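Shown next, in structure tokens, is the structure this report addresses.
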Amino acid sequence: MKRILPLFALLAIFLSSCNSLKLMVDNDYSYATDFTTYKNYNFLACEVDTSFICTEIQDAIRRQMRARGYKLTDDAPGLLVSYSIIRDRVEYKGYFQPSLDRWVNKYEFDETYKTQNFNFGGGMILVSLLDAESSQLIWRGYASGVFNKKVKKPVNYYRSVVRTIFDQYPLFAAGEKPRRLTGI
């Protein structure tokens, strides 16, 4: 009996890991951007209207931006937020870059964009931040494998995906003191 209990425990761990979702999460950003000047934002329209998903993703983005001190405004926002929901396999060109906080704090100074190509299955969610004045893309975070049909989606699944994407954006609004983000 003592030998069977560890086997059951291993089997339970194995079965629970088969149902967990492995997301590939990364981000790209513009070296030419001073990220320390932005205080507020507004949304562009959802690119693909898919019932409740757009609303849930937009609410999750709003939570993440609020937690970082950004204010939602209709009057001259500094940032425009866009997001895309892609359900199919996608080929994507990304970049090898130092982490965003290392770049903003000037820990690394290599200004060379090193491209990398990805081929993602299971769909993806892209979140983009654009400079409102120039309409230039300044940051994009993404998670692939989001729509993998083999995995059960728990309550608040898309909120968790968006939070995982925003874990790649460790910056705060201008004038906000950096702090640990918890419970968002």
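The values are calculated or read from the model by the stated rules, or taken from the named source; none is laboratory data. Computed from a predicted model, the values in this text were never measured in an experiment. Every residue, glycine among them, receives a Cβ derived from its backbone with ideal geometry; neighbour counts consider all protein chains shown. Side chains are part of the model used for accessible areas, which takes the heavy atoms of the whole protein and leaves out ligands, DNA and RNA. Shrake-Rupley method; radii C 1.70, N 1.55, O 1.52, S 1.80 Å.
Things worth noting here:
- Selected residue [basic (Lys, Arg), farther than 24 Å from Arg159 by Cα and either modelled with pLDDT under 80 or exposed (fewer than 12 other Cβ atoms within 10 Å of the Cβ) (or both)] from Lys22, Lys2: Lys2
- Search result, residues across region 151-166 that are assigned to a helix (DSSP H, G or I) and within 15 Å of Gln64 (Cβ to Cβ): Tyr158, Arg159, Ser160, Val161, Val162, Arg163, Thr164, Ile165, Phe166
- Residues of region 119-136 classified as under 25 Å from Ala32 (Cα atoms), open to solvent by less than 40 Å² (accessible area, probe 1.4 Å) and either at pLDDT below 95 or of a type in the set (Asp, Glu) (or both), total: 3
- Scanning region 133-164 for residues that are over 18 Å from the mean Cα position of the chain (by Cα) and within 18 Å of Arg87 (Cβ to Cβ) yields Lys149, Lys150, Val151, Lys152.
- When Glu176 is tested against (1) touching a Gly at 6+ places or on another chain (Cβ under 7 Å); (2) under 16 Å from Ile57 (Cα atoms), only condition (2) is not met.
- Cβ-Cβ under 8 Å pairs, at least 6 apart or on other chains, region 156-177 side closer than 16 Å to Lys22 by Cβ and of a type outside the set (Asp, Glu), far side open to solvent by 70 Å² or more (accessible area, probe 1.4 Å) and in a loop (DSSP other than H, G, I, E, B): Ser160/Pro154
- Per-region count, region 25-65, residues hydroxyl-bearing (Ser, Thr, Tyr) and modelled with pLDDT under 70: 2
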